[in-house]
1. What is the Cα convex hull volume of the chain when expressed per residue in Å³?
2. Could you pull out every residue, at least 5 positions away or on a different chain, whose amide H is within less than 5 Å of the one on L41? Hs are placed 1.01 Å off N in the peptide plane, and Pro or chain starts have none.
3. How would you rank T99, T94, going from fewest to most other Cβ atoms within 10 Å of each one's own Cβ?
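Every read-out reported here was derived from the displayed coordinates using simple, explicitly stated rules and does not represent laboratory data. Since the model is a prediction, treat every value here as computed from it, not as a measurement. Cβ coordinates were reconstructed from backbone atoms using ideal geometry, including for glycine residues, and neighbour counts include every protein chain displayed.
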Amino acid sequence: MSSRVRLRRVYDPPSTEDGARVLVDRIWPRGLSKQEAHLGLWLKEVAPSSGLRTWYGHAPERFEEFRDRYLDELTDDERGAALGRLRELLRDGTVTLLTSTRDVRHSHAAVLAALLDEPA
């Protein structure tokens, strides 16, 4: 992953290296106020569908198939526009994708980070 795309839990304290802090979850994180989150943007439109999220259930053994299905979802108009917004932010500097997921490496945010790290 490039130094311009970072991946963190939204519950982690902000860092001076974060750049634009973008929450990419569809649902607001439990127990966290908007002020505590230190967000620049909440881009819930880029999150996976509720059906896909429920099917996945954060089961690491399903991650490869989840990634493929999520990448397919990112081609729809709403998610594609949100992905374009993330790419615009990257033109201005570092972007930190934030998620409340415990296993960040097996999350939709990790899929997004890898996709954003690829040449456009």
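1. Details: hull volume 11.9 nm³, N = 120.
Convex hull volume per residue, Cα atoms: 99 Å³.
2. Residues meeting the criterion, in which the H sits 1.01 Å from N, are R21, L23.
3. Placing the least packed residue first, the sequence is T94, T99.
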